[in-house]
Structure formats: structure tokens, C-alpha cells
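*Asks:* Sending over a structure as C-alpha cells; questions will come in a sec.
The values are calculated or read from the model by the stated rules, or taken from the named source; none is laboratory data. As the structure is a computational prediction, the values presented were derived from the model and not from experiment. Reconstructed Cβ throughout: ideal geometry from the backbone, glycine too, with neighbour counts over all protein chains shown. For the accessible areas, the whole protein counts, side chains as well, though only heavy atoms, and no ligand, DNA or RNA atoms are used. Shrake-Rupley method; radii C 1.70, N 1.55, O 1.52, S 1.80 Å.
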Amino acid sequence: MTKQYAQIIVDVPTMQTDQPYTYAVPENMIDSLLLGMRVTVPFGRRNVMGFVVGLIASTDLPEEQVRPIQQILDLTPVLNTELLNLSDYLASETFAFRITILQTMLPNVFKANYERTLRIIDEVDDDVRDRLFKGLDEIAFKTGDFTEPDMATLLKLRRQHKIDVEVAVHDKAKIKTQLAYQFSDDVEFLEDELRGLRSSAKKQETLLQFILSHLAETWVKKDLQDVIDISDAVLNQAATKKWLMKTKVELLRDPFHAEVKQTALLELNAQQQEAYERISGTFDAQRFQPFLLEGITGSGKTEVYLQVAQHVFEQGKTVLFLVPEIALTPQMVRRVKGRFGAQTAVLHSGLSDGERYDEWRRIERGDVKIVVGARSAVFAPLTNIGLIIVDEEHETTYKQSDNPRYDARNIALWRGQYYQIPVILGSATPSLESRARAQRGVYELLTLTQRAGGAKLPSVNVIDMKETLSRGPETNFSEELRIKLADRLAKDEQSVLMLNRRGFSSFVMCRDCGYVPCDPNCNLAMTLHMDTHTLKCHYCGHEEKIPTICAQCGSKRIRYYGTGTEKVEAELQELFPDARVIRMDQDTTRKKGSMDKMLQKFGNHEADILLGTQMIAKGLDFPDVTLVGVLNADTSLGLPDFHASERTFQLLTQVSGRAGRAKKPGEVLVQTFNPQHYAITYAQNHDYEGFYRQEMAVRHAGNYAPYYYTVQIQASHSDENQAAIQMLKVARWLRLHAKKDVIILGPSPKPIAKMRKRYYFQIILKFKKRNEMDTLLQELQNRAQKAKGDLQLSIDRDPVSFM
Ligand code: ADP
Ligand code: ZN
């Protein structure tokens with residue numbers, strides 16, 4: 001069937017253009033145009049980029065409305081069928097623009113540059129090279145100036161010969177090449193040349209001998225000169241004499257420069273072995289199955305991942321391995337690279353566009369067997385996937401906070417289903433949602449209850465800061481913590497101090513009883529607004545004056561809460577002038593690579609104390625750390641969010657897990673004004689299951705997840721009144737059309753109510769039946785698309801926070 005029309009998502013991100021447009025495929029493109037390629041098309045009076053998402057034989061549109069595609073931008077599709085299907089799923093899941101979704105799935109390089117450059121990248125067999133270059137010689141390594149039939153010919157050649165040549169179209173600036181030499185394979189000719197050499201031409205002889213023993217190979221100049229001592233002049237001569245041919249090969253940038261030690265398989269303990277067998281059994285059966293691997297910190301989850309991955313490799317399949325944030329888990333990357341070496345690709349947001357693009361291409365070409373990466377790596381163009389791992393599955397970084405607001409965990413599950421393979425969600429403190437799914441049998445629960453390698457969990461002591469402060473002056477350090485820190489300094493052991501501070505979330509707390517004022521409707525901590533001197537609930541909009549007397553104990557010591565790492569560092573230096581302190585927070589780690597450096601330094605024991613925000617809670621594995629101090633466990637309890645207890649429990653458990661990972665036993669001190677809070681006491685006892693049960697009861701009583709789905713609808717407008725009026729309309733429409741059991745809160749201004757001259761409002765929905773609501777939300781989205789004007793509406797499923 002000849003495909004004459006293409007359906008194209010154009011790069012015009014507005015609500016009105018969020019659907020495929022039909023374009024005619026010109027005669028000379030019919031052979032080369034494939035699904036998932038990018039093209040340029042006329043749109044209005046401009047030319048824009050677009051993605052081909054459909055090819056059809058006919059259209060009902062009148063002839064004169066269908067304009068032709070202008071140019072094909074890719075020689076091979078940048079999105080395969082799987083990823084195109086995934087984009088459909090994402091559109092329904094995130095309510096984001098199709099074009100935004102498609103671009104999110106690709107490295108940035110594909111976003112902006114529509115200029116076409118053609119390169120033939122890899123080495124080619126000689127006869128193929130002859131044919132390929134016949135008539136195409138001029139276009140190789142030259143930009144832009146070739147025609148569609150050229151491309152069709154190239155593609156045809158590529159198919160016919162199943163050649164190993166890669167033809168790609170991309171931004172020239174993004175690709176680095178290096179000089180290389182393609183050796184001749186004409187033995188007779190080369191031997192003739194060798195015989196004809198003068199006896200003094202030693203260098204030429206060396207080169208010719210080398211070529212004869214590496215016939216037809218391509219050698220990068222640098223590598224060649226490393227192996228044999230040959231000058232540029234001799235190489236140039238050799239090229240003139242046709243012993244070899246000058247060429248270029250692509251230089252791939254290695255984004256992870258650190259030295260990597262090869263690591264051997266460990267012998268699994270009984271629990272690890274059980275987990276390993278369950279998961280690889282599913283893989284062998286070629287069946288989709290999510291696993292929740294619930295294992296305490298240091299229980300050897302990573303070893304299980306790596307060994308199942310090994311099993312999957314041996315069957316010729318690939319592995320997608322997601323981590324919350326690469327910068328925070330350099331040790332994890334090292335372990336994966338140590339096991340799988342050069343077949344590992346690392347993808348994360350800290351890469352330059354060029355590095356990211358290079359890694360993407362290595363994956364796309366099939367040079368890579370395992371991809372380790374943060375959230376967006378879930379779109380890695382791996383094919384033939386046999387296993388997907390989501391480490392620390394409870395981390396909120398898996399959810400993107402901008403459009404498209406996707407959750408990488410859900411995409412991991414989608415891809416797992418697509419490939420019919422196991423998906424491992426691993427955590428010491430699973431999200432309540434995942435744990436509840438395991439309870440219902442949707443996920444298979446696997447547990448690791450002991451630390452591998454024999455280390456013990458640290459003992460956790462809770463310090464009541466109310467007592468500390470009643471005894472002495474304002475301080476961030478209890479006497480207990482000061483004594484322990486001094487002890488560690490004396491013994492030359494290391495300590496980690498966490499100050500859990502959240503940017504703009506400030507709240508008030510009673511210094512005498514630890515009471516944090518909560519909103520009467522939602523029972524959530526209220527946020528402090530100094531400009532209006534009020535406390536606000538950012539969930540339902542409830543607002544009240546800042547109290548002067550504590551509602552719980554009557555004390556007048558109500559304090560604004562929020563201490564910075566800098567202040568704490570100063571106090572620490574005063575207490576221990578000789579201690580070597582590394583402070584790690586957003587301010588000190590802005591520079592690329594600085595965090596890795598700090599961690600290396602601490603790992604080499606060139607510092608005594610690592611002081612940081614929650615970024616130090618994750619994944620770090622330093623054997624000399626025997627003390628962990630949490631300066632203020634309350635800050636995450638004060639979050640205006642129903643996840644507050646969960647986050648606190650997770651954070652405390654995680655940071656506690658940094659202590660005593662090796663031979664020396666560890667100890668944890670948690671300072672808090674709420675020593676009785678269940679999130680703190682369960683963390684103290686390393687009791688995830690206990691916490692899970694109690695928190696589930698709290699969620700049930702409050703109609704929160706996982707009993708209810710939550711959706712946040714937010715809208716912004718340049719006019720405050722208009723924003724409010726439009727959102728009131730939305731709320732009224734929802735109240736009219738939603739089933740009775742749907743809870744609709746708001747509209748209320750967002751915690752940050754004004755940003756970049758726009759006003760933000762939100763509506764919160766809570767409901768039990770997802771399908772019903774999906775239909776309604778889709779309709780809301782469609783109506784918003786048709787409405788004219790300045791209002792921008794976005795729908796966020798299962799929001800991570802309500803900021
Ligand atoms: P997790 O990922 O659950 O925090 P890790 O995989 O990092 O745990 O394991 C913690 C430590 O225990 C690591 O130093 C690891 O090398 C070691 N370890 C893991 N499995 C075993 C095993 N089967 N035998 C001995 N040591 C192990
Ligand atoms: Zn409220």
C-alpha cells in the first residue's frame with residue numbers, strides 16, 4: 001500500500017494544535033518517510049518541525065487543505081513504535097501537549113535544531129563503500145545540500161546490503177569526530193609496495209607491516225600513533241600512495257570519567273537468593289510481573305539487581321536501571337559500571353546536551369546493554385528489554401513536576417508490560433501506594449530483613465529538644481549530640497549531620513510542646529505567610545492569624561521555624577574548631593562535579609563531619625561513618641502535605657542507614673520537638689510494617705491515597721480576578737458533572753500565588769473511581785482547549801506536593 005499522507009504533531013505547543021495534522025507525502029519521499037521521523041512542514045506562514053505519528057493512504061480533507069511535507073529531518077526514526085505507543089499512553093496519563101511529550105522523550109538536541117547534516121559514521125565494508133560512495137561521494141561529510149532521492153538511495157543501499165553503516169541527520173555542532181585511517185585490503189598491492197621500499201625507509205616499512213596484519217581495519221589516528229611510532233608526514237604519504245584512506249570516526253564523549261574497579265559477584269544469602277529466583281523465574285517465563293523488593297538499608301538489594309541483570313544479559317536482553325538522582329548516587333553508578341563495564345550507559349540531567357546525545361545514540365544503536373539513569377532515562381531507546389529496575393521507588397524525584405507531569409515508575413511498569421518482563425521496585429521504605437499494591441497482590445512482595453555482610457542496624461536515640469532548650473540557650477545541638485560528636489572526633493571516626501530544611505516551606509511551632517498549628521478541615525500543617533501575618537492551608541484555602549498562644553499547651557513560645565545549613569555550620573565550627581567539616585547543600589554543590597568531589601573527599605576520610613540537607617540521606621556507603629545526627633526531624637513533619645509523615649519516616653530511615661555499614665557499629669541521634677510522633681518512633685525501631693499500618697489508618701480516615709486518587713488542577717492567568725473567576729467556573733462545572741462521592745476542594749490560591757506576572761490557583765479533587773474521573777478530566781481539558789484567552793490550565797495526577 002502506498003502511503004500518501006502523514007499525520008504529524010507539529011511543534012506548536014498550544015491547546016488548539018494538540019492533535020495530528022494531515023500533510024501530503026511528496027512522491028520522492030514515499031520510500032524514505034517512516035513513522036517516528038521528524039520533518040519540517042508549512043504551518044500558517046511559517047515552517048515548523050513535526051513528528052510523523054501516522055501514515056495513511058487517504059484522507060477526507062479537501063485537496064487544497066492538505067499541504068506537502070517540506071523536508072525529512074531524519075534518515076532513521078528517532079522514535080520507534082514502542083515509544084510512539086508510549087506517547088499515546090502518556091498523553092492520556094498527563095494531559096500534556098503531544099508535542100511536549102514527544103520532545104520530552106528525546107535528548108534536547110532534537111528539540112531545536114532542524115538543520116540537516118548528513119554523515120556516514122561507522123566504517124564500511126570495502127565493496128559496500130564503493131557502491132555507497134558511487135554518486136554519493138559528494139554528500140558524505142557535507143552539510144545540507146543533498147536531495148530527497150539521494151536519501152532514498154542511501155536508505156535503499158542500507159537495506160539491501162544490511163550494511164553496518166550508520167547514517168544520521170543531526171546538528172553538526174553536537175557531534176565530535178576524529179581523524180582516522182581506513183587501511184587498504186589489497187594484499188598484492190601492499191606487498192608490492194613493501195618490496196619496492198628503500199631499505200632506509202624503516203618507518204614506512206613498519207606502517208606497511210602493520211597494515212598488512214590489520215587489513216581493511218579503521219584506526220583512529222591517536223590510537224594508531226600510540227601503537228606504532230609513525231609521524232603525521234608518513235601517514236600523509238601513505239594516504240597519497242593509497243595504502244590507507246583518511247576518514248573520520250565519531251568521538252563519543254564519556255560522561256562518567258571516574259575510574260571504575262571491576263567487581264565480582266557476591267554469594268547471595270538465603271533471602272537474596274529467594275528474591276533472585278522469583279524474579280529470574282518470571283523473566284524465564286517471559287511474563288510481566290512487578291516486584292516490590294522491600295529490603296532494609298544495606299540488605300543487599302543492589303546485589304540482587306545486579307545478579308538478575310547478569311542473568312538477563314546472558315539471555316541477550318538489555319536492562320533499564322532507574323535511580324532517583326545520579327549525582328546523589330555516584331557509588332551506585334560505579335557499582336553497575338564495575339559489573340558491566342563499557343556496556344553501561346549513564347543518562348542524567350547533569351550531562352551536557354552533547355554528552356546526553358552521545359549516550360542516547362550509543363543506546364539507540366544497540367552498543368549498550370544496561371542504561372543507568374534518573375527520571376528521564378525511562379525513555380531510553382533500548383530495545384529488547386529484559387528487566388527494569390526502579391531503585392528507591394518511593395523517591396519523589398521520579399515524578400516530574402513540570403509538564404508533562406509523568407511518573408517514571410508508571411512508565412517503567414508500562415514498558416515492563418510491553419516487553420512482558422519483570423519490573424523491580426526496590427526500597428527500604430516503599431511508598432504507601434506501592435506497599436498497598438503489594439498487599440493486594442498486584443505486586444509480588446519480596447523482603448530482605450537482614451543486613452548483608454553481617455553488619456547490624458544502628459541504634460537510634462530520640463532527643464527531645466524541648467528539654468534541651470528548657471535547660472539552656474537557643475542551640476541546634478543537644479548535649480547528647482555534642483558529646484557523641486566529640487567522642488567520634490577523638491576516635492577519628494566520621495559523622496554525618498542532616499539538617500532537613502525545605503526551601504520556602506516555613507511554619508510555626510510551639511517550642512514548649514512541639515505543636516504545629518493544623519488546618520481544621522484538612523488536618524495538615526499550615527504554611528507561614530509573613531507578608532500577611534497569617535497561616536494558610538494550601539490544600540483548601542483556609543486562612544487564620546498567626547497564633548500568639550499555643551492551642552495545645554497555652555505557651556507563648558510560638559516560634560517561626562526554619563534554620564539554615566550556614567547557621568548550623570557556624571555553630572558547629574564554634575563547638576569544634578578543629579573539626580574538618582564539609583557542608584553539602586544546594587548552595588555549595590551548584591558547580592558541576594562539586595558534589596562528587598565532596599563525597600570523594602569525605603570517602604577518603606579527608607573530613608570528619610559531613611553536614612548537609614536531605615541530599616546526604618541517600619545511598620551513601622562510607623564504612624567509617626559511625627554517627628548520624630538528625631538536627632531537626634520536625635521540618636518534614638511541618639510540610640503542608642498529607643505525605644508529611646511518610647516523608648519523615650523515609651528520611652529518618654534512610655539517613656539512619658548511613659551509620660554503621662561496615663564492621664564498626666553505628667549510632668543515630670534524632671533531635672525533635674515531637675518525640676512521640678509515630679513517624680519518629682517507628683523509624684527509631686526500624687519498623688516499616690508498623691509505620692505502614694498506622695499511616696494507612698491515617699490515610700483512610702482522611703480520604704487520602706492510597707484509598708483515594710488525588711488530582712490537582714491548577715490554572716494561571718495574567719489577571720488575578722480572571723484567574724479566580726475562571727477557576728470558580730471550573731469548580732462549578734466539576735461539581736455539576738462529577739459523581740457525588742468526588743471530593744472537590746477549592747479553588748484556592750497556590751502557595752506561591754504569583755510567579756512571573758501570572759496568578760496561580762488550584763482545585764484539588766479526591767475520588768475513588770479513576771475511569772469515571774478520567775473521562776471528566778479529559779472533557780475539562782478539551783473544553784479548556786477550545787476556550788479562548790489567556791488561561792493556562794494543567795492537570796496533575798497524584799501530585800507529589802501541593803506547592
Ligand atoms: P542495599 O542496596 O540494600 O542498601 P547493598 O547492595 O548496598 O544494600 O549492600 C550493602 C553492603 O553489603 C554492600 O557493601 C554489599 O557489597 C554487601 N553485600 C551485599 N550482598 C552481600 C552478600 N550476599 N554477601 C556479602 N556482602 C554483601
Ligand atoms: Zn485545609
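*Asks:* If the cut-off is a Cα-Cα distance under 17 Å, which aspartates and glutamates reach LYS567, setting aside same-chain residues fewer than 8 apart in sequence?
*Replies:* Answer for LYS567, where 17 Å is the Cα cut-off: GLU474, ASP585, ASP587, listed by chain and number.
*Asks:* Taking amide hydrogens as modeled 1.01 Å from N in the peptide plane, which residues meet the under 5 Å criterion relative to ASP185, leaving out close sequence neighbours?
*Replies:* Result for ASP185 returns ALA216.
*Asks:* For the chain, what is the accessible area per residue in Å² when the probe is 1.4 Å?
*Replies:* 44
*Asks:* OK, next. For TYR276, tell me the accessible area in Å² from a 1.4 Å probe, rounded to the nearest 10.
*Replies:* Ignoring ligands and nucleic acids, TYR276 comes out at about 50 Å².
*Asks:* Also, quick follow-up: Which of the trypsin sites (Lys or Arg not before Pro) across the range 598-647 are loop residues per DSSP, with 14 or fewer other Cβ within 10 Å?
*Replies:* Sites meeting the loop and neighbour criteria: none at all.
*Asks:* Classify the range 382-435: rounded, prolate or oblate, from the alpha-carbon gyration tensor (a ≥ b ≥ c, eigenvalue square roots; a/c under 1.5 rounded; otherwise prolate if a/b is larger than b/c)?
*Replies:* Verdict is oblate for the range 382-435.
*Asks:* Accessible area of the chain with a 1.4 Å probe: how many percent of it is carbon plus sulfur?
*Replies:* Ligands and nucleic acids excluded, carbon and sulfur give 48 percent.
*Asks:* Just reorder LEU215, LEU106 by solvent-accessible area, largest first, 1.4 Å probe, all chains present.
*Replies:* My answer, sorted largest first, is LEU215, LEU106.
*Asks:* What is the chain's relative contact order, in percent, from Cα pairs under 8 angstrom and six or more apart in sequence?
*Replies:* 10
*Asks:* ³J(HN,Hα) across the range 703-713 via Karplus (A = 6.51, B = -1.76, C = 1.60, θ = phi - 60°), whole Hz, x for Gly/Pro?
*Replies:* 6, 10, 4, x, 7, 10, 7, 10, 9, 10, 9
*Asks:* State the extension gain, in nm to one decimal, for the chain segment bounded by ARG45 and ARG440, taking 0.36 nm per residue of separation less the distance between their alpha-carbons.
*Replies:* So the extension gain works out to 136.6 nm.
*Asks:* Also, I was wondering about something else. Once you have a ≥ b ≥ c as the square roots of the Cα gyration tensor eigenvalues for the chain, tell me rounded if a/c is under 1.5, and otherwise prolate or oblate according to whether a/b is larger than b/c.
*Replies:* Taking the square roots of the gyration eigenvalues as a ≥ b ≥ c, the chain is oblate.
*Asks:* Give me the one-decimal nm value for the distance between modelled label points at HIS214 and GLU779, 7 Å along each residue's Cα-to-Cβ direction.
*Replies:* It is 7.0 nm.
*Asks:* Still on this structure, please answer the following. For GLN178 and GLN310 in one chain, what is 0.36 nm times their gap in residues minus the Cα-Cα distance, to one decimal in nm?
*Replies:* That works out to 44.1 nm of additional length.
*Asks:* Which chymotrypsin sites (Phe, Trp or Tyr not before Pro) in the range 419-519 pass both tests, a DSSP loop state and at most 10 other beta-carbon atoms within 10 Å?
*Replies:* Answer by residue number: PHE504.
*Asks:* Separate question: Quick one: if the Förster radius is 35 Å, what FRET efficiency do ARG758 and GLN65 give, using the C-beta to C-beta distance and rounding to 0.05?
*Replies:* 0.50
*Asks:* Here is a further query. Compute all pairwise cysteine Cβ distances in the chain, then list the cysteines with no distance under 4.7 Å to another cysteine.
*Replies:* Cysteines lacking a close Cβ partner in the chain: CYS518, CYS522, CYS537, CYS540.
*Asks:* Can you compute 3J(HN,Hα) from phi for each residue in the range 269-281, using the Karplus curve 6.51 cos²θ - 1.76 cosθ + 1.60 with θ = phi - 60°, rounded to whole Hz and x for Gly and Pro?
*Replies:* Whole-Hz 3J(HN,Hα) from phi for the range 269-281: 7, 4, 5, 4, 4, 4, 4, 4, 5, 4, 6, 6, x.
*Asks:* Which order do VAL220, VAL630 take by accessible area at a 1.4 Å probe, largest first?
*Replies:* Listed by decreasing accessible area, they come as VAL220, VAL630.
*Asks:* Cross-link list LYS740/LYS768; LYS739/LYS766; LYS203/LYS242; LYS597/LYS618; LYS399/LYS591; LYS222/LYS591: which exceed 20 angstrom alpha carbon to alpha carbon?
*Replies:* Pairs exceeding the cut-off: LYS399/LYS591; LYS222/LYS591.
*Asks:* Show which aspartates and glutamates lie in cross-link reach of LYS750 when reach means a straight Cα distance below 19 angstrom and same-chain residues fewer than eight apart are skipped.
*Replies:* Correct list for LYS750: ASP402, ASP519, ASP531, GLU543, GLU544, ASP641, ASP719, GLU720, ASP790, ASP796, ASP798.
*Asks:* Length gain on complete extension for the stretch ILE483 to LYS241, per 0.36 nm per residue less the alpha carbon to alpha carbon distance?
*Replies:* 79.2 nm
*Asks:* Which order do ASP798, ASP74 take by accessible area at a 1.4 Å probe, largest first?
*Replies:* Sorted descending by solvent-accessible area, the residues read ASP798, ASP74.
*Asks:* Right, next: What's the magnitude of the charge dipole for the range 177-250 around its Cα centre, counting Lys and Arg as +1 and Asp and Glu as -1 at the beta-carbon? Answer in Debye, nearest 20.
*Replies:* The dipole of the range 177-250 has a size of about 340 debye.
*Asks:* Suppose we keep just the DSSP beta bridges with both residues in the chain; what percent of those would be antiparallel, to 5?
*Replies:* 55
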